[in-house]
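Here's the structure we're looking at; comments come further down.
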Amino acid sequence: MSSDEGMPQPTDLPDEDFMTNPSLAMDACFTAFDKDGDDRLSLNEFTLICRALFRNDKGHIYVVPSDRLEQMFAVFDKNEDGYIDREEFQFCWNQWIKTIVRPISAFLIVDVQNDFISGSLNISNCSAQQNGLEVIEPINKLLDTVDFDAAFYSLDWHPSDHVSFIDNIKQRPIHPTSPLNADNAQVYDTVIFAGPPPMKQRLWPRHCVQDSWGSELHKDLKVVEHGVKVYKGTNPEVDSYSVFWDNKKLSDTTLCGQLRLKGSTDIYVCGLAYDVCVGATAIDALSAGYRTILIDDCCRGVDLNDIESTKQTVISSNGVIVSSREVKAMVEGRDRRPELGYKLAMELKNSESDLSKNNACRRQSQQQAQQQQQQPSQ
């Protein structure tokens, strides 16, 4: 028998109470885990909350290392007295537990475009020899079966004189420190353009030129009715792998504002190419403070070593890598990963992070909805 059998859990609270009377649900949760009845939660009692929170939809409890439990506890023990009192728990409940149990999830599909699948930059011709077409079926299945709060489609959208195209290499001076010059550089090599400032640039075949067939999303990719397209790589002088920023962090795309508007907490990232634009996007999402999930079987890449490096970077930054079959339970809050809970707790220490700002927007929207519900009908 599990040692947790019969133990109260945050998600066991009545759904109606949680939505219409959050203070009642919060008080019930606090009382349930205040085992010694001293009106405060010790580290051991907080650990019980974590054991209830961090489990999957089959009841498997995820183990949280003791040092991470202590770090998360410290975020909510604001007066550093070694306990979480009811006032401190209010912050823990509203900012942390509610997000873990009911995340707001965005699905970000990166660059599933013709040129990367069967066109000028067909990734199957790269060293990893992976077939970009294989991502479409699992992505479509997710769009059909998972109720994401938002869906975004990014598109490489380059002008014809873009800096990354190898056939444009002679349009810009090469810096003296560049390992290759305009005459001997080949596709996939890296050169240094003079700038100013000097800028490293990997060279690619001409691809995803604006309004060309190659720049279009693949015809078999499902585009949902309320899906939002995000265009990147539009500046001819700067490449843009990430859907958030160009490579020099000179300008952002519309994605940041869209995610904030929707109050997103979790971002599920997939598409092409795993170790280039998908990886850069996932890493930027983590840097912005989002709980970030990389969907492994919905990605294909260019280089096997670089794909592995991308995975390690995501994991070391408190992101998670999952298969598409795990996504539905996570989006619905039934599979709650401790890595994402830890990531959220660490972000809550930084009030300027996107996730903290999104939580504030989310709370405000919920309060307005509750006030409207409480108003008598005319």
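The values are calculated or read from the model by the stated rules, or taken from the named source; none is laboratory data. Every value quoted in this text rests on a predicted model; they were computed, and no experiment measured them. Cβ: placed from backbone, ideal geometry, glycine included. Neighbour counts: every protein chain shown. With ligands, DNA and RNA removed, areas are computed over all heavy atoms of the protein, side chains included. Shrake-Rupley method; radii C 1.70, N 1.55, O 1.52, S 1.80 Å.
Okay, here's what the table says:
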{"read-out": "Over region 26-101 - Rg/Rh using Cα atoms and the Kirkwood inverse-distance radius", "value": "0.94"}
{"read-out": "Karplus-derived HN-Hα couplings along region 249-255 (A = 6.51, B = -1.76, C = 1.60, θ = phi - 60°), whole Hz, x at Gly and Pro", "value": "6, 7, 8, 9, 8, 7, 4"}
{"read-out": "Heavy-atom accessible surface of the chain: percent carbon and sulfur, 1.4 Å", "value": "47 percent"}
{"read-out": "Candidates per trypsin sites (Lys or Arg not before Pro) in region 245-328, loop by DSSP, up to 13 other Cβ within 10 Å", "value": "K248, K249"}
{"read-out": "Eligible aspartates and glutamates near K78 by straight Cα distance, threshold 17 Å, same-chain separation 8 or greater", "value": "D39, E45, E70, E87, E88, E347"}
{"read-out": "Tilt relative to the chain, helix 338-348 - C-alpha long axis, 0 to 90 degrees, to 10", "value": "90 degrees"}
{"read-out": "Region 42-89: GluC sites (Glu not before Pro) in DSSP coil with no more than 15 other Cβ atoms inside 10 Å", "value": "E80"}
{"read-out": "Value of relative contact order over region 26-101, rounded to a whole percent, pairs C-alpha under 8 Å and six or more apart", "value": "31 percent"}
{"read-out": "Mean separation of Cα contacts under 8 Å, 6 or more apart, over the residue count of the chain: relative contact order %", "value": "19 percent"}
{"read-out": "K349 accessible area, assembled protein chains, probe 1.4 Å, Å²", "value": "140 Å²"}
{"read-out": "Degrees separating the helix 66-76 axis from the principal Cα axis of the chain, which is the longest one", "value": "80 degrees"}
{"read-out": "log10 of Debye I(q)/I(0), alpha-carbon scatterers only, for region 190-300 at 0.21 Å⁻¹", "value": "-1.43"}
{"read-out": "Cα Rg, Dmax, region 224-360, angstrom units", "value": "14.7, 45"}
{"read-out": "Sparse-neighbour loop sites [GluC sites (Glu not before Pro); region 205-270; at most 12 other C-beta within 10 Å; DSSP]", "value": "E225"}
{"read-out": "Whole-Hz couplings from phi, Karplus 6.51/-1.76/1.60, listed for region 101-116; x for Gly and Pro", "value": "6, 9, x, 10, 10, 10, 9, 10, 9, 9, 6, 7, 10, 4, 4, 7"}
{"read-out": "Kirkwood-type radius of the chain, with distances r between different C-alpha atoms, in Å", "value": "22.5 Å"}
{"read-out": "With Cα atoms, 0 to 90° folded angle of helix 43-53 axis to the chain main axis", "value": "60 degrees"}
{"read-out": "Filter on K58/K328; K141/K229; K170/K248; K229/K262; K200/K222; K141/K343 - keep pairs with C-alpha separation over 24 Å", "value": "K200/K222; K141/K343"}
{"read-out": "Accessible area (Å², per residue) of the chain, counting only protein heavy atoms and a probe of 1.4 Å", "value": "46 Å²"}
{"read-out": "Where S105, S212 fall by accessible area, highest first, once all protein chains stay in place (1.4 Å)", "value": "S212, S105"}
